[in-house]
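The next block holds one structure in the form of structure tokens; read it before the comments.
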Amino acid sequence: MKKCLYVALGALCLSGCYTLDSAPVLDTSREHVLVQNYGWSLFNCIPIFCGNAAKDPSCPFVMFRDDVTMEKIQERFDEYAAGRSVECPVFHIDDTKFISIYSIPIPIPYIVCYKEVSLSATLGSAKDEKEAGK
């Protein structure tokens, strides 16, 4: 019974995570936003776990659904940035084919794969948009 509990806790810890973080840019009315999601798959095509990028997630992760796509991240970013200007967007996709333990790759390619997508940008405020339009 304890082994099953440890396996379940380990799976939850490694499952995946979707985050949308924001922070104000100092001395301005702009905001820096980072949207990120990661997950695990078998043979790089069968999703196992990933962060739940749904609009109103009831659980922080999902099983057997691929939410680690740039389209999902872009959709969540667009909803958050509605009505504001987007400056300096940076996209990043990390698609690792090897299992890595403590940054040491283990040569078992394409069995368990890790994928991470992120989008980072600076948003202008709605107030700045009105002033620029005048």
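The values are calculated or read from the model by the stated rules, or taken from the named source; none is laboratory data. Keep in mind that this is a model prediction, so the values were computed, not measured. Backbone-built Cβ (ideal geometry, glycine too); neighbour counts: all protein chains shown.
When you scan the stretch 58-88, how many residues do you find that are over 22 Å from C45 (Cα atoms) and part of a loop (DSSP other than H, G, I, E, B)?
Residues in the stretch 58-88 being over 22 Å from C45 (Cα atoms) and part of a loop (DSSP other than H, G, I, E, B): 7 in total.
Can you pull out the residues in the stretch 16-38 that are among the β-branched types (V, I, T) and free of Cβ contacts under 8 Å to residues at least 40 places away in the same chain?
Step one: filter the stretch 16-38 for residues among the β-branched types (V, I, T), giving 19, 25, 28, 33, 35.
Selection gives T19, T28.
Across the stretch 107-134, what is the number of residues that are of a type in the set (A, V, I, L, M) and at pLDDT below 65? Let's see the steps before the verdict.
First, pick out the residues of the stretch 107-134 that are of a type in the set (A, V, I, L, M): 108, 111-112, 117, 119, 121, 123, 126, 132.
Restricting the remaining residues to those that are at pLDDT below 65 gives 108, 126, 132.
Number of matching residues: 3.
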